[in-house]
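The block underneath contains the structure these notes are about, expressed in structure tokens.
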Amino acid sequence: MAQRAIREYDGKAIFSKHWEKYFSGFHYGFKSVLVTSGAELKAKAEEHGFEWLKQEPLVAKPDMLFGKRGKNDLVLFKTNKPGDVTLADAAAWIDEKMSHTTTLLSGQHGQLTHFIVEPFTPHSQEQEYYISATTVGEDDVLYMSAEGGMEVEEGWDEKVNEVAIPINMNDADMEHAIKANIPSDIQAKDKESFISFAIQFFKFYRDMNFAYLEINPIVMLDNNEMAILDLVARLDDTAGFMMADSWGDIEYPTAFGMEDQSPEEKAIAEADSKSGASLKLTILNPLGRIWTMVAGGGASVVYADTIADLSGDVKELANYGEYSGGPTTGETKFYADTLIDLMTRHKDAKGRNKILIIGGAIANFTDVAKTFTGIIQSFEENVAKMKEHNVQIYVRRGGPNYEKGLKDIKEAADRLGLYIEVYGPETHVTDIVRMALEK
């Protein structure tokens, strides 16, 4: 599955287009515009059907594929002066935000270029709920919580109910599974409506070929009125050929802060867009000593944190990224070729060896031997450069065929004369970082 992120505006437009078919008994008043300047917003207000921009209090926020906009102070829903946000307020705020580089709490930075503007929805926190669905392995998983908003990720395990729904589960069993797992702390007056909405939401997610779909929060108002306040969506691009009419004119924008990607980062991003696997690469310091080739998004965070902690200098970490989701041998070789090329362009300033961490937890469905075959092929082609830069390799991996994968990569490195240490799931996932730095 090739997952491609879309704007919040486009995700809501898909909801609106198919609302009556999938969400009988509920009403969603889709009022939303996507603009690239304050002047465009003002011009939009003069068009037929958009008079509400001049008549209702507004909310404005960037629509550029990053979250936590509230925590980054990038949601305009009130002003310092008395009164609601007007058209003029929103236009001025958009122009001000576009006038300078924006740096997020995550460290990402860039220019804000696209904004979504909608009517403000008065509601209480008790009316906010959370719902999302995504693909995990061979199942779809539905997530539901009685608590929506910015804090739902804190204490996720306690707040969110998960329902695994196999692809071959019939509708009756699917509906039963969802009903049986509705969060118990949803308000009694909303419970039946939430059950109905959750079932219809999941059918919509699956039929529309979303790879990920999240509403946080969905607000349940009186008279079965629903308000989608924030939405995150990724589409299964492999289904694009048959979903053109259902999706409409969809844009796949570049993620915020990625406009200045290096050629290597762009090449990996391009490979990711064409793959059912996940291939990600961010170069943090091209002169860094420690390079990582990590399987899994969660593992990549753990390794990055461990390297920063144990090395005592975050600048030692050269890159951040992942290869996961069952990449082919060829995709894995391409990823490894790219990393090895980058790490062997510059000698370490202190004359030390370079370190390559090939890490990961225990895979669920990725064939470790198949991916390691791609890494071995890359070693064979790049062995001279790796020796020139004294690359030392530390491997920790588990999962399907991991014994063969570890055996093959150890034998290949020994045959090529490369330094390597290899460990399986009996070793703690980040112990190879400690070993590498102590060595």
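Summary of computed values
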{"item": "FRET efficiency for GLU154 and ASP431, using Cβ-Cβ distance with R0 set to 45 Å, rounded to 0.05", "result": "0.95"}
{"item": "Extended-chain gain in nm, criterion 0.36 nm per residue less alpha-carbon gap, GLU20 and LYS203", "result": "64.6 nm"}
{"item": "Contact order relative to length of the range 65-199, as percent, for alpha carbon pairs under 8 angstrom and 6 or more apart", "result": "15"}
{"item": "Residue order for HIS176, HIS18, HIS123 - accessible surface, 1.4 angstrom probe, largest first", "result": "HIS176, HIS123, HIS18"}
{"item": "Pairs of lysines in the range 32-123 (C-alpha under 15 Å apart; 8 or more residues apart or interchain)", "result": "5"}
{"item": "Residue-normalised accessible area of the chain, given per residue in Å² at a 1.4 Å probe", "result": "46"}
{"item": "Under 25 Å from the Cα of LYS439 - lysines, other chains or at least 8 residues apart", "result": "LYS315, LYS347, LYS350, LYS354, LYS385, LYS387, LYS407, LYS410"}
{"item": "Estimated distance in nm for a label pair at THR36 and THR282, the labels positioned 7 Å out from Cα along Cα-to-Cβ", "result": "2.5"}
{"item": "Accessible-area composition of the range 369-439, carbon plus sulfur, in percent [1.4 Å probe]", "result": "48"}
{"item": "Under 15 Å, Cβ to Cβ, from ASP367 - net charge with Lys/Arg +1 and Asp/Glu -1", "result": "+1"}
{"item": "Where labels lie 7 Å past Cα in the beta-carbon direction, separation of TYR252 and GLU51 in nm", "result": "4.1"}
{"item": "Angle in degrees between helix 297-311 and the longest Cα principal axis of the chain, rounded to the nearest 10", "result": "60"}
{"item": "Calculated FRET value between SER106 and LYS407, using beta carbons and R₀ = 35 Å, to 0.05", "result": "0.35"}
{"item": "Local electrostatic count at GLY297 - Lys and Arg +1, Asp and Glu -1, tallied over other residues with Cβ under 11 Å", "result": "0"}
{"item": "Reachable lysines from LYS189, criterion Cα separation under 22 angstrom, eight or more residues apart if same chain", "result": "LYS159, LYS179"}
{"item": "Per-peptide average of other Cβ atoms within 10 Å, ordering 309-316, 329-336, 407-414 highest first", "result": "329-336, 407-414, 309-316"}
{"item": "Net charge over other residues, Cβ less than 15 angstrom from the Cβ of LYS179 (K, R count +1; D, E count -1)", "result": "-4"}
{"item": "FRET efficiency estimate (nearest 0.05) - Cβ-Cβ, ASN364 to ASN168, R0 25 angstrom", "result": "0.85"}
{"item": "Label point at ASN223 placed 7 Å out along Cα→Cβ; residues across the range 19-49 whose backbone nitrogen lies under 14 Å", "result": "26-29"}
{"item": "Where a label projected 7 Å from the Cα of VAL75 along Cα→Cβ would reach, residues of the range 6-21 with amide N under 19 Å", "result": "7-13"}
{"item": "About the Cα centre, charge dipole magnitude for the chain (Lys/Arg +1, Asp/Glu -1 at Cβ), debye", "result": "1360"}
{"item": "Relative contact order, percent, the chain [alpha-carbon distance under 8 Å, six or more residues apart]", "result": "14"}
{"item": "Mean Cα-pair separation over length for the range 1-122, i.e. relative contact order, pairs under 8 Å, 6 or more apart, %", "result": "34"}
{"item": "Highest-first arrangement of 292-298, 53-59, where packing means the average Cβ count within 10 Å", "result": "292-298, 53-59"}
{"item": "Packing-based order for 40-50, 202-212, 232-242, using average beta carbon neighbours within 10 Å, highest first", "result": "202-212, 232-242, 40-50"}
{"item": "Exposure rank, largest accessible area first [MET150, MET226; 1.4 Å]", "result": "MET150, MET226"}
{"item": "The chain - mean residue ellipticity at 222 nm from DSSP helices (-39,500 (n - 2.57) per run, n ≥ 4, rounded to 500)", "result": "-11500 deg cm²/dmol"}
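The values are calculated or read from the model by the stated rules, or taken from the named source; none is laboratory data. Keep in mind the model is a prediction, meaning the values are calculated, not measured. Here the Cβ is made from the backbone with ideal geometry for all residues, glycine too, and neighbour counts use every protein chain on show. Side chains are part of the model used for accessible areas, which takes the heavy atoms of the whole protein and leaves out ligands, DNA and RNA. Shrake-Rupley method; radii C 1.70, N 1.55, O 1.52, S 1.80 Å.
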